[in-house]
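Okay, structure first, notes after.
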């Protein structure tokens, strides 16, 4: 009997819930639309994709493509027992984080070339990826994000404003009535010690909380605003500093009702905007759902539905095509800091956050940028709370094991470590010349309360 796969673990205890919410959408597709019996559904780990040797399985895949790459970033591999149905392929990690040279995605014998040819046509989350694959001779179509299929929630009054992974500096731009009803949350967490099922249920409860309480959501997470907008929650999408690519390809298939803040300019934002439950939105949900379910049907059915989705997003795609290149502010901040404090120095430096996404093999993007300003500075290694060993041939130190000499400094690149790093520097008495917080400092509930007190004092 054919089995249906569903990923419920993604290889790390510290996870972005956005990976899991796509599994929630696929599970909804299985149980509520296709009426697949639960005993035919296999809940599995991303780590099992290559080694799986059970009954033949259909696996809808709408996740980060990097999960499919083997160690060494050479070739995407998956078990012969699994038939992959790509519902949301995206080159996001190549363009968004410069994690993997985009030309390697489809190099013969490397990347995803063989896998895409085998399982084409490829459903793509964004039009940029669709066109990239088509230009490479691979059949592809625009699917959009699978989380658009979530049903609308009950229409009633909701009161909470959920600020989910928003940079702290954004708070000063928010109106008083927004802050007074604000609750700070994160869409990422360490789920160490939990089983697959517990992981999944924890995240299911998280999104249920958004659905049942939010009058408005402000977030820097794509997979917060997209599924929540689908459920009928008004959403504002915040662009983060480390979204450092020239163009954010996620935006070309972002629902037009989701408002986007590029820096901290809220001048064009309507905080009272509601999600229109229009016939077009209902039709979009149905088309995405139908297309996902009909991959085994005829090419005519595929083309009809794919064309509808393309036409729905075409105004957004046209806008995206004409969008000017965004200023890569993090590069400027890094350059200004190096020139100001270490422009002629021969000291050493560390990067706080052993992040593979910063590396292309043994090449570290931040190191290249620093060398452009001062080639005499030496990269000594990484600082990380949760990792050990080496990355890009440089050692990884714990926060308690590194020492800075007089001319040494630290660049903090990990958002999750920014607060603890700042505390560490303060305890050691390091001045601003000894560190640069390049990552965003995410807002806390204390920050909200501090903002409100400050405003009350001024009035």
Taking the simple approach of a point 7 Å from Cα along Cα-to-Cβ for both residue 136 and residue 426, what is their distance in nm?
4.6
Compute the long axis of helix 418-428 from its Cα atoms, compare it with the longest principal axis of the Cα atoms of the chain, and write down the angle in degrees, 0 to 90, nearest 10.
20
Pairing the Cα long axis of helix 329-342 with the longest principal axis of the chain, what angle in degrees results, from 0 to 90 and rounded to the nearest 10?
20
According to the Cα gyration tensor, what semi-axes, each the square root of 5 times an eigenvalue, does the equivalent ellipsoid of region 394-459 have, listed from largest to smallest in whole Å?
30, 14, 10
Rg and Dmax [Cα atoms of region 149-275; Å; Rg one decimal, Dmax integer]:
14.8, 45
For region 342-404, alpha-carbon Rg over 2.2 N^0.38 Å:
1.09
Provide, as a two-decimal number, the C-alpha radius of gyration of the chain over 2.2 N^0.38 Å, N being how many residues it has.
1.01
Please work out the C-alpha center-to-center distance from region 366-404 to region 116-142 and express it in whole Å.
37
Volume per residue, Å³, of the convex hull around the alpha-carbon atoms of region 329-437?
97
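Every read-out reported here was derived from the displayed coordinates using simple, explicitly stated rules and does not represent laboratory data. In this text, all values refer to a predicted model and were calculated from it rather than measured experimentally. Reconstructed Cβ throughout: ideal geometry from the backbone, glycine too, with neighbour counts over all protein chains shown.
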